[in-house]
Each structure stands twice: as C-alpha cells, then as structure tokens.
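Asks: Okay, handing you the structure first.
The values are calculated or read from the model by the stated rules, or taken from the named source; none is laboratory data. The model shown is predicted, which means the values in this text are computed figures rather than measured ones. We place every Cβ from the backbone using ideal geometry, glycine too, and count neighbours over all the protein chains shown. All accessible areas refer to the heavy atoms of the entire protein, side chains included, with ligands and DNA or RNA removed. Shrake-Rupley method; radii C 1.70, N 1.55, O 1.52, S 1.80 Å.
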Amino acid sequence: MSGTRALGLPPAASRGIVEAYVARVAPQLPEGFAFATLAPWVSPHRPERLVTPHAGHWDAGEVASLLSGASLLVPCTLETKHEKRMIQKLLKQIEPSSNLRVALLQLLEIPGAMNKEYVQMLMARHDALLALGADVVILDPSDEKDRLYAELNQEQAWVEVNFQRVQCMVKDADAAAQAALEYHHELLWESIPKTMMHAFPPINPNLVETASSVGDYQLMHRLDTVSGNVFLASRSETEKVVLKVYDKADFLDAGDVENTYRELRFLRDELRHPHIVRCICVLHSFSRVYLALQVGGKKNLSQHLLNRPGCRLDLQDAVDCTAQIAGALAYCHSRNIVHRQVSLDHVVVDDQSETLFCRLVDFFRATRCVESTPLTTVCGDLPCIAPETVLETSYVAKPADCWSLGVVLLEAAGGMGSMRRAVGWPDDAGLEPAAARIRTFFSRDGSHARALAVVGGVLSHAVLARLSGLLEPEPAARASAGAPLQAS
C-alpha cells in the first residue's frame, strides 16, 4: 500500500491526474471560474483561482472569496472516503450562497479501453458523486475550453429542467406533501414509540415552550457543548437541571428516534452510578424532546484542561478522574451497555470542592451489546476514537470504549493534545489516515512513554502501565475498564 493511500488521501497517480487537468484547463478559463482540489497542491506551479484544504478543512475566507464567481470546478476520481468527506464539507460551506455553481468533474484514471469491472467501479463512484448534491456532475470532462463550456451548460440545463419539473409537482401537491410530513411525524414519534418503545412519554399538547422556559423550567443560559442545544435550567432556587434539546426536524428515520429512546431508558431507568449523569424526566412536545438531566458540572473535561497549567491535571487528579470514568464504564459494560463516544467532551467535571468529581454524559450513541457482537457504525472522533472502528469493517464495542478511556487518561495526565503531538498525523489527513497512524505508533516499543511525556515531560510508571493496557492496538489483548489504577 502506498504512503498516500495509507493516509487516506488520493493515491499519487490520481492526484497527478487531477493536478495535470487543472494545469491544462485553468489558464483557458476566465475570472468567473475557479478550481478546488481535494488534497493539497504538490506540483511546482500552482494556478491562480485555486482553493485546497488545510488540516482536513476548507478555509472559510478562501471559500468566501469564491462566492462572487460563477462556477467552481472540482476535479476528482473519488478513490477514497477522504475525498467524499472533503466534498461534503466544501458543499456545506458554500450552501448559503445561491450564486456559485459547483461542478464535480469525474476524471478517468484509465483512458481508452475499459473492462467491465472498471466501468462498474466508475459508475459506482459517479452515483456517489451525484448523491453529494452538487449542481453538476460530469463524467470524463473535456480539457478544451469550448467543449467544457458546452458540457457544463448542457448538464446545468438538465438540472434546471428537472428542478422546474419538481417545483411544479410540489406546487400541485402541497396538500399531499403536508399530509406526508404529518404522517411521517406520526409514524416516527407516535406510532413507533407506542408500539415498540413503551417507556417513551407521549406528546404533551399542553407543554408550553417559550424563548425562556419549557414547562415549569426556566432557561438560565446555554451551555457550551460540542453539538446540540443544551441549557442550564431551574424549576426553583434549589432545583437545577441540564435540559438537552432534540429538535424533531433533525430526525429523519426511526434509528434517530431509537437512539433518543435508548438514551432516556439508560439514563432514566437502567443506569444508577455516581459517575454517570442521570435523566430526571422527559418533556415531549410536538416539535421537540427535552431530557432533563442531573447537573454534573458546568464544564467538560476538555474545557477544564484548557484552564489548567500545561493543559493537564495534576497526576493524582488525572488518576482519580480517569478511575471515576473507568468505574462508570465498567458498570455499563457489566450490563452489556457500551457508550461508543467516550471522550474529553463527554466527561463533565464538578470542580467546586477540593476533589474533582467527574461524570460520563451523552449516551445518544450508546447501545446494548453482548461481549463479542460485532458492530459496524462508526462513532466518535479524534483523538479518542479507537482505530479499529475506522479501519475495520466491524469492531467489538467494549474494547473500543476502553481504548477511548485510555486516550482520556493520556490527555488528562500528559496534557491536552498529547495524542496528536505524539502521533503527528498530517493536517490534511482525514479520520482513516489518522487512525492508521495511531495504530502504527502504539505498535512500537516505548510509544506510551513518549506519548505521556510529549507535552510536559510527565513520567508515571503506574499511568504507563494502564496506558499500555488500554492503548493496545489489538482489541482482543486490550485491558478492560475495570482494571485498577493507582498513582505513583
């Protein structure tokens, strides 16, 4: 496997095809056209009016500078998942503008004669490009200006005709569309819960929702979280809760409803542990679901570390906090419940006393899973996600949770950013290449000590022993969450 393929970037040959195409075509096009490549530009001559990703993301300023143009051309071969993710991110940033036309240009890797397998592969990639939602997708675009113009205009004409046809259909079927939406809502939030989710509270038609209150709860302020709407709320001077808000408009299928149902069942009815936040009650309106949760702290562990010297905890605090979450995780695993998103962001910290008190939160992706049942849904993000969840077709969830616990210990004891600085995955790498580098790094002797010391020179034999067990690349050999940890 080549180096670029291992990093998840397009292989060198494909990147060469893309850059050669841009180099031929860019000088021919007027100022209204710009190019975007899905990997950093490596050829000696970089054309004008070209944007490329940085650290796996698109620079908002560079993208904004294109919005006054007419067309953005994105040549690609779509050989890797990284390319697809970069297109999705680019389209999301451009979406607010209605002026810029985005054309995905699918370049052929093998010109001329093609066998059946290659054609099938090309069409599968073409279908994937169409599904991304760009204005135009062209297979094997011309590199001659006038022919390229004709191809772009022809494809755009087809898009506009189809759009007008759909608009006419929508206008003629407004009543039917509204009825379909109402039926969809009834099916997801009433029929399915009534039949299969008996503990899901029914819709309360009398629940009053305002900008400052929900039912009896007064909204105090929004909490800074990685995703979603979460508020600190109160029902009296002494009764405070965290209201986690789920907007039903964001839920498109029964799987999302099931995730919400599992979260409320786990946190309200099944899990009773001092280091797991509890759900006190559920409020259900026609448009939203509110989980009223125990207040576990105003900051998550990531935010807490940012305010500490060296962005890390004292060794004893790091050991204590991680041991608390390990106990919560071991308790979940003993009941065949896996969290699947253990991270610094999903640990809240109460620092009002001399001893830090931590709780595990956000069970939206949690599920029930026996010891060896393989799962396929990728949950989590860097730096805490277990490599096998990204790199393998299936994984066992309990060892994946334990890997994430190991990263929490590493970041808390060694310093925030220890994993990234130790492994050093490239800025433009996606999830897959970073996971591959992480797995390779921790396969080497002495890697755990290097990672622990990379930020602040931390050395602890007890922490290293625990890291070696948890950050074990082979899931079957990985330590469990319940293994003891003592500072030294």
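Asks: By how many nm would the segment from residue 375 to residue 235 lengthen if fully extended, with 0.36 nm per residue of separation less the alpha-carbon distance?
Replies: So the extension gain works out to 46.4 nm.
Asks: For residue 280, what residues show an amide H to amide H distance below 5 Å, using hydrogens built from the backbone and excluding near sequence neighbours?
Replies: 292, 293, 294
Asks: Take the alpha carbon atoms of the stretch 175-222, find their center, do the same for the stretch 300-356, and report the distance between the two centers in whole angstrom.
Replies: The stretch 175-222 and the stretch 300-356 have Cα centres spaced 33 Å from each other.
Asks: Amide H neighbours of residue 341 under 5 Å, at least 5 residues apart or on other chains, H built in the peptide plane: list them.
Replies: none
Asks: Quick one: which residues, 5 or more positions from residue 214 or on another chain, have an amide H under 5 Å from its amide H? H modelled 1.01 Å from N in the peptide plane, none for Pro or chain starts.
Replies: Those qualifying (amide H under 5 Å, at least 5 residues apart or on another chain) are 219.
Asks: Each residue of the stretch 416-422 in order: what ³J(HN,Hα) in whole Hz does its phi give by Karplus 6.51 cos²θ - 1.76 cosθ + 1.60, θ = phi - 60°, with x for Gly and Pro?
Replies: 4, x, 4, 4, 5, 5, 6
Asks: Below 11 angstrom from the Cβ of residue 233, what's the summed charge of the other residues (Lys, Arg +1; Asp, Glu -1)?
Replies: Charge balance near residue 233 sits at +2.
Asks: Can you bin the stretch 187-305 into rounded, prolate or oblate? Criterion: square roots of the alpha carbon gyration tensor eigenvalues sorted a ≥ b ≥ c, rounded for a/c under 1.5, prolate for a/b above b/c, oblate for the rest.
Replies: Prolate.
Asks: Shifting gears a bit: Can you tally the net charge around residue 30? Count Lys and Arg as +1, Asp and Glu as -1, for every other residue whose Cβ sits under 11 Å from the Cβ of residue 30.
Replies: Here the charged neighbours net out to +1.
Asks: Under 20 Å between alpha carbons, and skipping anything fewer than 8 positions from residue 81 in its own chain: which lysines qualify?
Replies: Of all the lysines, those that pass the test against residue 81 - Cα under 20 Å, at least 8 places apart if same chain - are 89, 92.
Asks: Follow-up question, since we're still on this one. Which whole-Hz couplings ³J(HN,Hα) result when phi for each residue of the stretch 190-201 is put into the Karplus expression 6.51 cos²θ - 1.76 cosθ + 1.60, θ = phi - 60°, listed in order with x for Gly and Pro?
Replies: My calculation for the stretch 190-201 gives 10, 5, 5, x, 5, 7, 10, 10, 5, 8, 6, x Hz in order.
Asks: Around residue 403, under 15 Å between beta carbons, what's the net of Lys plus Arg minus Asp minus Glu among the other residues?
Replies: Result for the neighbourhood of residue 403: -1.
Asks: Using r as the Cβ-Cβ distance of residue 180 and residue 207, and R0 as 22 Å, what FRET efficiency do you calculate, to the nearest 0.05?
Replies: 0.30
Asks: Before rounding to the nearest 500, sum -39500 (n - 2.57) across all DSSP H runs of length at least 4 in the chain and divide by the residue total; then give [θ] at 222 nm in deg cm²/dmol.
Replies: -12000 deg cm²/dmol
Asks: So, one more: Classify the stretch 11-104 as rounded, prolate or oblate from the Cα gyration tensor: take a ≥ b ≥ c as the square roots of its eigenvalues, call it rounded if a/c is under 1.5, otherwise prolate when a/b beats b/c and oblate if not.
Replies: oblate
Asks: In 5 Å bins starting at 0, how do the alpha-carbon pair distances of the stretch 257-331 split up by percent?
Replies: 3, 13, 18, 19, 17, 12, 10, 5, 2, 0
Asks: Would you kindly work out the equivalent ellipsoid of the stretch 322-414 from its C-alpha gyration tensor and give its semi-axes, the square roots of five times the eigenvalues, largest first in whole Å?
Replies: Computed over the stretch 322-414, the values are 23, 14, 10 Å.
Asks: Send over a whole-number figure in Å² for the accessible area per residue of the chain, probe 1.4 Å.
Replies: Here the per-residue accessible area is 48 Å².
Asks: Still on this structure, please answer the following. Just for the Cα atoms in the stretch 302-361, what are the lengths along the principal axes, largest first, rounded to whole Å?
Replies: Over the stretch 302-361, Cα extents along the principal axes are 38, 19, 19 Å.
Asks: Another question, then. Whole-Hz Karplus ³J(HN,Hα) for the stretch 265-277, in order, using 6.51 cos²θ - 1.76 cosθ + 1.60 and θ = phi - 60°, x for Gly and Pro?
Replies: With coefficients 6.51, -1.76 and 1.60, one gets 5, 4, 7, 8, 10, 10, 9, 10, 9, x, 10, 10, 5 Hz.
Asks: Project the alpha carbons of the stretch 412-488 onto their principal axes and report the range along each, largest first, in whole Å.
Replies: Dimensions of the stretch 412-488 along the principal axes of its Cα atoms: 38, 31, 20 Å.
Asks: How large a share of the accessible area of the chain, in percent, is made up of carbon and sulfur atoms when the probe is 1.4 Å and the other protein chains stay in place?
Replies: 54 percent
Asks: Moving on. Measure off 7 Å from each Cα along the Cα-to-Cβ vector at residue 42 and residue 476, then give the distance between these two points in nanometres to one decimal.
Replies: Here the modelled spin labels are 3.6 nm apart.
Asks: Could you give the spread of the C-alpha atoms of the stretch 208-259 along their three principal axes, from largest to smallest, in whole angstroms?
Replies: Cα spread of the stretch 208-259 along its principal axes, largest to smallest: 39, 26, 18 Å.
Asks: D for the chain, whole µm²/s, Stokes-Einstein with Kirkwood Rh over alpha-carbon pairs at 37 °C and 0.692 mPa s: what number?
Replies: 129 µm²/s
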